[in-house]
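I have placed the structure first, in the form of structure tokens, so that the comments after it can refer back to it.
Every number here is computed from the coordinates shown, using simple stated rules; none is lab data. Note that this is a predicted model, so its numbers are computed, not measured. Note: ideal-geometry Cβ built from the backbone for every residue, glycine included; neighbour counts use all protein chains shown.
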Amino acid sequence: MMRNFVMLADGVPVEPLLAEIDSVPGVWDRQTGRQRIRVQREAKAIPLRGLRKSRIQGRARRDVHESRFTTLSRSFPLAIDFIRSWAAKLDADLARARIVSLPPGQVVYDHVDRGEYYARRNRYHLVLQAEQSWMRCGDEVVSMSPGELWWFDNKLSHEARNEGSIDRIHMIFDLEPRDGLLGHRDRIVGDPSRIGTPVLTDSIGPRTA
Ligand SMILES: [Fe+2]
């Protein structure tokens, strides 16, 4: 069994969520802030919950715990419902959330999500659209498919690639577990036999973090 990835659900109906994105004209062009982050410069994003700027108070963005719904999130009631339902199911509090589109052939370069914000939150990916959504975390690799909800350990070195011919669209969100325990090795919601099916294990280099 994998340690760094856990699939929490599959068969999530994603068509309504994709329709919700399509219902907002020019939605991918409204916000370009994420492209200033070097490792993710190729990705386009729809911010649903972001850090509360009034609470930065001189801290680095990665150390700011407070977050809030964006104005744009009002156009995404289904996406917000999904995140809220998993927060309730996992007894966790909402944090930052966004929908990210990675064009074909593009990559999110190897990095670690550092900082006090990440140190107390779990990271999830719901795959909305993808042909070959490749991701490595530590020394493990998965290929994610539409309708799958994944947790992974973003405190380890990780990278992603869109190896398909269509945009890879993921909803990425963080949750803060109320019991303070990170990870999901003992809290599997989906079918454990389907968790973490490895592919391409011969292409993995040494852990860098
Ligand atoms: Fe990351």
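Would you mind ranking 150, 134, 28 so that the residue whose beta carbon has the fewest other beta carbons within 10 Å leads the list?
Values: 150 24, 134 20, 28 16.
So the ranking, lowest neighbour count to highest, is 28, 134, 150.
Order the peptides 84-93, 122-131, 18-27 from the highest to the lowest mean number of other Cβ atoms within 10 Å of their residues.
For the peptides 84-93, 122-131, 18-27, the packing ranking is 122-131, 84-93, 18-27.
Output wanted: per-residue J couplings in Hz (rounded whole) for the range 157-173, from phi through Karplus 6.51 cos²θ - 1.76 cosθ + 1.60, θ = phi - 60°, x for Gly and Pro.
4, 8, 8, 9, 9, 9, 9, x, 9, 10, 4, 8, 10, 10, 8, 10, 8
Got a sec? How would 59, 74 order by Cβ neighbour count within 10 Å, fewest to most?
Ordered by Cβ neighbours within 10 Å, fewest first: 74, 59.
Using the crude model of +1 on Lys and Arg Cβ and -1 on Asp and Glu Cβ, and no other charge, please compute the dipole size for the range 77-142 relative to its Cα centre, in debye to 20.
Approximately 220 debye in magnitude.
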